[in-house]
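Asker: Before I ask anything, let me first share the structure, which is written out below as structure tokens.
Since every read-out is calculated from the coordinates, none of them should be taken as a lab result. Please read all numbers here as calculations on a predicted model, not as lab measurements. Methodologically, a virtual Cβ is constructed for each residue, glycine included, from the backbone with ideal geometry; neighbour enumeration extends over all protein chains shown.
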Amino acid sequence: MRDQPQRPRPESPSVNSRDRGEFDLVIVGGGSAGFAAAIKAADLGARVAMAEGGTLGGTCVNVGCVPSKTLIRASEAQYRRAHHGFGGIPTTDGRPDWLSVRAEKDALVADLRQGKYWNVLRAYPSITLVQERATLVSGGEVRLASGRTLGARKILVTTGASPWAPPIRGLAEAGYLDNASAMALEHLPESLMVIGASAVGLELAQMFARLGVRVSVLEAAPRVVPAEDEDIGSALGEYLRKEGLEIHVGIDLDRISRGQGGYGISFREGGASRIAQAEQLLLATGRRANTAGFGLDAVGVTLGMKGEIVVNQFLQTTNPDVYAAGDVVGDPMLVYVAAYGGALAAENALTGNSRQYDLTALPRVTFTDPAVASVGLTDGQARATGIDPLIARLPLEHVPRSLAARDMRGFVKLVADTLTRKIIGAHILAAEAGEMITEPALAIKFGLTIEDLTSAFHPYLTLSEGIKLAAQAFTKDVAKLSCCAA
């Protein structure tokens, strides 16, 4: 394991006379939404206090996006040693050094936490960080764990979310891994059972499988990534099975037990009772808002069915002096949505409700390999809203970049409105699908048509050219087009 240099821990700005109500905004929570809010408020000239009782930076940098994506890339490097499509390039195999891989991940997390959070605070003297848990006592006051109080004109709650465990018999007694503890394991298990086949579950399942772990996935829905286009889920499930992952969909979980030999999971699949065994169990069944214990009910903040804070179009709660943003307001729990919401909520709280929370044309990415990226409506959703959809589906075997890379897995699927010919949806399964989704997202946001996409320049031998080819596929047989055909 590589020795890591000790980084000096910055001292928190002191809580001064502003304790007595002189803050313009008090933010409860120090994750992505909280930081975006603090920076926006500081830019507006406000005096800001941010209270965080846990690790600074929230989920994404510490136990979410950053560590998982670097581990995914490490596992891909391991996998490509023995699996690639190039003749003449020798393949090798071998057991990875998990502790070194984990140390690289931890170093990256520490670097980003320092650079993007601690160092940012130094650049904003008007932001006061209080490293204590805070509880709301009114619409203009919070009480810290030490007993001190902070007052403000407005309060913004950005307390995030945590992994959620469904009521499965025996689960609480058996125990389980979540995404954070799975990425911090001391050694790689021989086998792993993953419950949940949405983004987090599948990303970690494939990552561990590529590092040599025998992985099985259980999903109650009829296919993996059930929130995505049906074709995407069906195709991705088959690719993962070809890699050696054991995928079970449409299952009913019965009971989980744990003994000296590991876990036993009883479930029903296709009407038949089955039992699966594994050394470790990873639960990836979603997240719930962190709202308990913050005094929200006492100040008149209404919660939803899953414990999320209910907000209006301005991210204002049922207490007009309290706003909320990020994962604590529920789905979609995406870090870029949290940052957007935090900044918007801070601006609305300080300057009046002038900006509406707008998630139109919101793209999302699942970092499997091939990856999934989508935005807008599926064809089924379009029909449900009364739109007659046009559909174009382009297999990646027609994209020159995919041919050159010897990786033709996946497709690009575009959905357009028959009447207006505007793009209303895009669903991509490709090695770098996340790098392709911004163009269709902008097309949807700004009302671009099929012809707008086909007439735009797309550099040759890029995966983004697949967007143009898919748009051409609405009216042409792309197999009969020459390279770069307009």
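Asker: Want the number for Ala221 to Ser464: 0.36 nm per residue separation, take away the alpha-carbon distance, what's left?
Answerer: Contour length minus the Cα-Cα distance gives 84.4 nm.
Asker: Right, here's the next one. For Gly410, what residues show an amide H to amide H distance below 5 Å, using hydrogens built from the backbone and excluding near sequence neighbours?
Answerer: Here Leu396 satisfy the definition.
Asker: At 0.36 nm per residue, and after removing the present C-alpha to C-alpha distance, how many nm does the segment from Val120 to Arg274 gain when stretched out fully?
Answerer: 50.2 nm
Asker: If you don't mind, there's one more thing I want to ask. With 10 angstrom as the radius, rank Leu469, Leu211, Leu202 by how many other C-beta atoms surround their C-beta, starting from the fewest.
Answerer: In increasing order of surrounding Cβ atoms, one gets Leu211, Leu469, Leu202.
Asker: Still on this structure, please answer the following. Using the crude model of +1 on Lys and Arg Cβ and -1 on Asp and Glu Cβ, and no other charge, please compute the dipole size for the stretch 364-478 relative to its Cα centre, in debye to 20.
Answerer: Once rounded to the nearest 20, the dipole reads 120 debye.
Asker: Still on this structure: So if I take the centroid of the Cα atoms in the stretch 274-337 and the same for the stretch 430-459, what is the distance between those two points in Å?
Answerer: 32
Asker: I would also like to ask the following. Please arrange Cys483, Cys65 by counting, for each residue, the other beta carbons lying within 10 Å of its beta carbon, fewest first.
Answerer: By the 10 Å Cβ count, ascending, the order reads Cys483, Cys65.
Asker: Next question, about the same structure. Set the Förster distance to 35 Å, then compute FRET efficiency between Ala404 and Thr302 from the Cβ-Cβ distance, nearest 0.05.
Answerer: E between Ala404 and Thr302, to the nearest 0.05, is 0.05.
Asker: OK, next. Amide H to amide H, which residues 5 or more places from Ala152 or on other chains are under 5 Å from it, using H placed in the peptide plane?
Answerer: Glu141
Asker: Also: Structure shown: which of Lys154/Lys445; Lys413/Lys445; Lys69/Lys116 lie over 24 Å apart, alpha-carbon to alpha-carbon?
Answerer: Pairs exceeding 24 Å: Lys154/Lys445.
Asker: May I ask which residue of Leu281, Cys65, Pro440 lies farthest towards the positive end of the charge dipole of the chain, with charges of +1 (Lys, Arg) and -1 (Asp, Glu) on Cβ and the Cα centre as origin?
Answerer: So the residue we want is Cys65.
Asker: So, one more: Tabulate in residue order the Karplus-calculated ³J(HN,Hα) for the stretch 116-127, using 6.51 cos²θ - 1.76 cosθ + 1.60 with θ = phi - 60°, rounded to whole Hz; enter x for Gly and Pro.
Answerer: Karplus-based 3J(HN,Hα) across the stretch 116-127 equals 9, 10, 4, 5, 4, 4, 4, 7, 10, x, 7, 9 Hz.
Asker: Return the long-range amide H neighbours of Leu282 (sequence gap of 5 or more, or a different chain), with a cut-off of under 5 Å between placed amide H atoms.
Answerer: Amide H neighbours of Leu282, under 5 Å, 5+ apart: Leu177, Met193, Val194, Ile195.
Asker: Still on this structure, I have one more. In percent, what relative contact order does the stretch 85-179 have, based on Cα pairs under 8 Å that are 6 or more apart in sequence?
Answerer: Worked out over the stretch 85-179, it gives 11 percent.
Asker: With semi-axes √(5λ) of the Cα gyration tensor in Å in mind, check (i) 37, 24, 22; (ii) 39, 30, 23; (iii) 47, 28, 21 and report the label derived from this structure.
Answerer: (ii)
Asker: Also, quick follow-up: Where in the stretch 324-346 does the label zone of Val310 land, with the point 7 angstrom along Cα→C-beta and an amide N cut-off under 19 Å?
Answerer: What the label zone holds, given the 19 Å backbone N cut-off, is 324-332.
Asker: Rounded to the nearest 500, what is the chain's calculated 222 nm mean residue ellipticity when only DSSP H runs of at least 4 contribute -39500 (n - 2.57) each, over all residues?
Answerer: That comes out to -8000 deg cm²/dmol.
Asker: Another one. Which listed residue (Leu362, Leu25, Gly175) has the Cα farthest towards the positive end of the charge dipole for the chain, taking +1 on Lys and Arg C-beta and -1 on Asp and Glu C-beta about the Cα centre?
Answerer: It is Leu25.
Asker: Take every DSSP beta bridge whose two residues both sit in the chain, then give the antiparallel share in percent to the nearest 5.
Answerer: 60
Asker: In whole percent, what relative contact order does the chain give with Cα contacts below 8 Å and a gap of six or more residues?
Answerer: Result for the chain is 14 percent.
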